[in-house]
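The structure appears below as structure tokens.
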Amino acid sequence: MKMKYLTLVLFSINSYAVFANESSQHYEPKTLWDNAFFKETKLELSTRNHWKYLKENASQPKEVHSAWGQAFTFNYKSGYWFDTLGFDLTYDNIIKLGASDYFATRNLLYNDGKQPNKHNAHGFNKFTQRYAKIKLGNEQLNFNGKAGWHSLKDMGVISSSQHLTRNSYLGYSGILKYSNLALSLAYIDSTLPRESSKKVHFYSLDKKHKIDNIKSAGIAYKNKIIKLDYSYGEAKDFIKRHAIEFSYKPTEKLILASQIYGSTALKNHNKMKANVRDFDDSAWHYATDIEWKESKWSAKFGIAYTDANRKGAIGYYGRHLGKNNRGRYNGMAATGADYMRDGEVVVSSILSYDLFEDNTVGLYFNYGEFNYKHETLKNGEINVFNIWKPASGTLKNLSILSKLGYGWSYKTLSSKDITPKLRDGRAQRSPTLSAETIVDYRFNLL
């Protein structure tokens, strides 16, 4: 993408304009270190200890999926040279602390092999982000753009998520804001996954068709009461994606929200074998939720429905736009096991209470039903969690999350096909047990 040439051109143009402007106004010379590029520089070290555990037997005999690692992250953010151009850099170093067979499903450690063997688990290091940034305009009308390797959180239909590291993308993105309106644009063509330092491209679900790029655009309106966001994107020749998110806050304590997500198949999606597809022609997910917040407790309830037809099997709304990327999704149906099967209705709830200062305990519950061959299949899970996050004092940058969950579902044809495996025409029960801990700490070095 010839980033060094892009950066050089932008820097040269901007420097020339500023030099001419300063000369015409006879500014007194300043030292290099007085420039905001250096004065507003920030350097942060953060650490994350992350352990994930799952015991299940959905597609095979009972197996344990477990991984444990330690991350050290250096995050450098420059100021803006002449209030226009800057550069950011993120470096991650991951140390393997432990792993079981099937560890790779936890997306924490690098899998140096094709078999689910714990001896293939390794740590890794990478420059997760390295990009040039530019800003133009004023408080009322402004533009912020990035070019290079960077994470994208809900940029159009694209997103990033974090385990030990965040996944990042190679490409361009920008947001143009005017008053309460925002227009976002993004173009990406490859990625660094969360669990690897290896650059990979995007692929179809069967890995036979390369997706050359993903393009996305979005328009959003936001004030103190209403948030409305519509995004459209396309994974080239694979799927088109729509995302609509809306929230309404009539009082300080009440939030009403809804989400609609849709995918439409393109030519390379249609070329895949039927047993590999998530859906045939299109998949849609509709959701709504209500949240009430008090000073010491909060409660959120939601209901959702998925329409994702697949001939002769169970269809599914896949959140992502093929392999090796993360799609935008902020509904309550995505948890330990995503409740987005064709015809599935799911009810969800999150209850939390501040047991004492800086400590929150909570309960997360999901229950879903759908029909398959005249049988009603029931799925669910219940998770208890605890978050300790001191707001002040020596440990104010510390956060500790602990979670334990039990779930119930059914045996599937394979790990890649969620269609039920029937015995004498009946589905077979499949329980799960999961656990997770995350310990974060942050140091401000500059």
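The values are calculated or read from the model by the stated rules, or taken from the named source; none is laboratory data. Given the structure is predicted, the values throughout are model-derived calculations rather than measurements. Every residue, glycine as well, gets a Cβ built from its backbone with ideal geometry; the counts of neighbours run over all protein chains shown. To get the accessible areas, we keep the full protein, side chains included, count just its heavy atoms, and leave off ligands, DNA and RNA. Shrake-Rupley method; radii C 1.70, N 1.55, O 1.52, S 1.80 Å.
Let me confirm something: among Gly368, Gly343, which residue is more than 22 Å from the chain's Cα centre (by Cα), on the phi > 0 side of the Ramachandran plot and in contact (Cβ under 8 Å) with a residue 12 or more places away in the chain? Explain how you work it out, then say what you get.
On the way: Gly368 fails: on the phi > 0 side of the Ramachandran plot.
Matching residue, one of Gly368, Gly343: Gly343.
In the set Gly327, Gly302, Gly336, Gly368, which member is of a type in the set (Gly, Ala, Ser) and at pLDDT below 95?
On the way: Gly327 fails: at pLDDT below 95; Gly302 fails: at pLDDT below 95; Gly368 fails: at pLDDT below 95.
One residue alone meets the criteria, Gly336.
Evaluation of Asn144 against the conditions (1) surrounded by 17 or more Cβ atoms within 10 Å (Cβ to Cβ); (2) not in a loop (DSSP other than H, G, I, E, B) shows that the sole unmet condition is (1).
Identify all residues within the range 210-237 that are surrounded by fewer than 18 Cβ atoms within 10 Å (Cβ to Cβ), of a type outside the set (Lys, Arg) and within 20 Å of Ser263 (Cα to Cα); write none if there are none. Asp212, Asn213, Ala217, Ile219, Leu228, Tyr230, Tyr232, Asp237 - these are the residues of the range 210-237 that are surrounded by fewer than 18 Cβ atoms within 10 Å (Cβ to Cβ), of a type outside the set (Lys, Arg) and within 20 Å of Ser263 (Cα to Cα).
Among the conditions (1) out of contact with any helix residue (DSSP H, G or I) (no Cβ under 7 Å at 6 or more places or on another chain); (2) closer than 30 Å to His50 by Cα; (3) crowded, with 18+ Cβ neighbours inside 10 Å, the only one that Ser204 does not satisfy is (1). Put simply, of Trp408, Trp388 the only residue that is closer than 30 Å to Gly312 by Cα and open to solvent by 50 Å² or more (accessible area, probe 1.4 Å) is Trp408.
Taken over the range 152-177, the criterion of being among the hydroxyl-bearing types (Ser, Thr, Tyr), outside any strand (DSSP E or B), farther than 17 Å from Gly218 by Cα and modelled with pLDDT of 95 or more is satisfied by Thr165 alone. Quick check, is Phe72 over 26 Å from Ser414 (Cα atoms), modelled with pLDDT of 95 or more, open to solvent by less than 30 Å² (accessible area, probe 1.4 Å) and not β-branched (Val, Ile, Thr)? The answer is no for Phe72.
Scan Lys118, Lys210, Lys153 and give me the residue that is under 15 Å from the mean Cα position of the chain (by Cα) and without any contact (Cβ under 8 Å) to a residue 40 or more places away in the chain. So that I can check it myself, show each step before the final result.
On the way: Lys118 fails: under 15 Å from the mean Cα position of the chain (by Cα); Lys210 fails: under 15 Å from the mean Cα position of the chain (by Cα).
Within the list Lys118, Lys210, Lys153, the selection yields Lys153.
Considering the range 333-382, and only residues there that are closer than 30 Å to Gly425 by Cβ and acidic (Asp, Glu), the residue that is least open to solvent (accessible area, probe 1.4 Å) turns out to be Glu344. Out of Asp440, Asp417, one residue alone is in a loop (DSSP other than H, G, I, E, B) and open to solvent by less than 50 Å² (accessible area, probe 1.4 Å). It is Asp417.
Can you report the number of residues in the range 147-183 which are more than 21 Å from Asp212 (Cβ to Cβ), open to solvent by less than 20 Å² (accessible area, probe 1.4 Å) and not aliphatic (A, V, I, L, M)? Within the range 147-183, residues that are more than 21 Å from Asp212 (Cβ to Cβ), open to solvent by less than 20 Å² (accessible area, probe 1.4 Å) and not aliphatic (A, V, I, L, M) number 1.
Could you look through the range 18-52, keep only residues that are in contact with a helix residue (DSSP H, G or I) (Cβ under 8 Å, 6 or more places away or on another chain) and not hydrophobic (A, V, I, L, M, F, W, C), and pick out the one that is modelled with the lowest pLDDT?
Going residue by residue through the range 18-52, those that are in contact with a helix residue (DSSP H, G or I) (Cβ under 8 Å, 6 or more places away or on another chain) are 32-33, 38-39, 52.
Checking which are not hydrophobic (A, V, I, L, M, F, W, C) leaves us with 39, 52.
Working: Lys39: 89, Lys52: 98.
Among those that are in contact with a helix residue (DSSP H, G or I) (Cβ under 8 Å, 6 or more places away or on another chain) and not hydrophobic (A, V, I, L, M, F, W, C), it is Lys39.
Taking the residues in the range 239-251 that are under 20 Å from the mean Cα position of the chain (by Cα) and touching a residue at least 24 places away in the same chain (Cβ under 8 Å) as candidates, determine which candidate is farthest from Ser263 (Cα to Cα). Filtering first and then ranking leaves Glu245.
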